[in-house]
Amino acid sequence: VPELPEVETIRSLLEPAVVGRQFERVQIDDPRVTRPDDPAGVAARLEGETVRSLERRGKYLAFRFESGRTLLMHLRMTGNVRRSGQGGTAEPHDRAVISLDDGSELRYRDVRRFGTWLLLEPADLQAYLQSRVGTEPLENGFTAISLERRLAGRRAPIKAVVLDQLTVAGIGNIYTDEALWRARIHPLRPAGALGREDVRRLRRGIREALRAGIARQGATLRDYSTPDGRRGAMQDEFRVYGREGKPCRRCGGPIEKTRVAGRGTWFCPACQPRAPEWVHSEN
Ligand SMILES: [Zn+2]
């Protein structure tokens, strides 16, 4: 499940290989990739485009072309982009191949087939992203005040609110748990009940968790790998995610697992206490 650190790793490793290159030939074998658009039509429109920059917005990978168009790729659960030389070996879950003008190929692989490609005209990009992706957590605009505004008045659990892509762009289930542990905030606390100091710690926790993930080139649980086929290393350093019953790296107590917003959620009950004011009102 690629989140911001995994998508950013893919972006930064692909960037030098694709910027200035032309999409010479594009083959999309699975209609689900471009649904509801016709895959052959999208492929034909992509051929001849030259990459001006490779950017990331939230969990989207954005190929910006000289023409002004943008190919927005969302990897969802198991999408992946692999770089290879000409005539690279086809693998069972390859859904599309982009041949570049230097003879290299980008092979798009997706086991569960939830990933999507969307080719947008220049005029449509901003509106499309604005309704789906909020502030980038590693950019300067992500301040404690802006985060506090997004949380104000919301009664949903903080974990659910942080998972909302309009609250924090690019964060998902793994890094939300890691961020809440760093911030010492219980995942079920109502978002609007966090005080200013809590919000400051949360902002810092989000940034530290994401930066740690980028520094380790992401987390490989099952399918994720870098464009050159290597595994990330973040999974070896998780503080809470997937560590039920194991000792907390801060206090030594056992990590617990629960469910929040339908998602498996790991936390340390000692380091991330429930706030007293709402424990009373809960029963
Ligand atoms: Zn602890």
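Which residues, taken from region 53-75, are out of contact with any Ser or Thr (no Cβ under 7 Å at 6 or more places or on another chain) and farther than 26 Å from Tyr224 by Cα? Correct list: Ser67, Gly68, Arg69. When Ser99, Ser131 are checked against the criterion of being open to solvent by 40 Å² or more (accessible area, probe 1.4 Å) and of a type in the set (Ser, Thr, Tyr), a single residue qualifies: Ser131.
State which residue is farthest from Ile171 (Cα to Cα) when the search covers only region 91-124 and only residues that are out of contact with any Lys or Arg (no Cβ under 8 Å at 6 or more places or on another chain) and free of Cβ contacts under 8 Å to residues at least 60 places away in the same chain. Ranking the candidates gives Gly103 first. Restrict the check to region 209-220 and report whether at least one residue is within 16 Å of the ligand (Cβ to nearest atom) and either open to solvent by 30 Å² or more (accessible area, probe 1.4 Å) or of a type in the set (S, T, N, Q) (or both). There is no residue in region 209-220 that is within 16 Å of the ligand (Cβ to nearest atom) and either open to solvent by 30 Å² or more (accessible area, probe 1.4 Å) or of a type in the set (S, T, N, Q) (or both).
Scanning region 221-260 for residues that are of a type in the set (A, V, I, L, M) and either under 16 Å from Arg182 (Cα atoms) or not in a loop (DSSP other than H, G, I, E, B) (or both) yields a count of 4. Restricting attention to region 140-184, the residues being open to solvent by 40 Å² or more (accessible area, probe 1.4 Å) and closer than 21 Å to Leu75 by Cβ number 3.
Taking the residues in region 240-273 that are in contact with a strand residue (DSSP E or B) (Cβ under 9 Å, 6 or more places away or on another chain), within 16 Å of the ligand (Cβ to nearest atom) and among the charged types (D, E, K, R) as candidates, determine which candidate is nearest to Glu3 (Cα to Cα). Going through the qualifying residues, I end up with Arg243.
The values are calculated or read from the model by the stated rules, or taken from the named source; none is laboratory data. This is a predicted model, so every value here is computed, not measured. Note that we place each Cβ from the backbone using ideal geometry, even for glycine, and neighbour counts take in every protein chain shown. Ligands, DNA and RNA are excluded from the accessible area calculation, which covers all protein heavy atoms including side chains. Shrake-Rupley method; radii C 1.70, N 1.55, O 1.52, S 1.80 Å.
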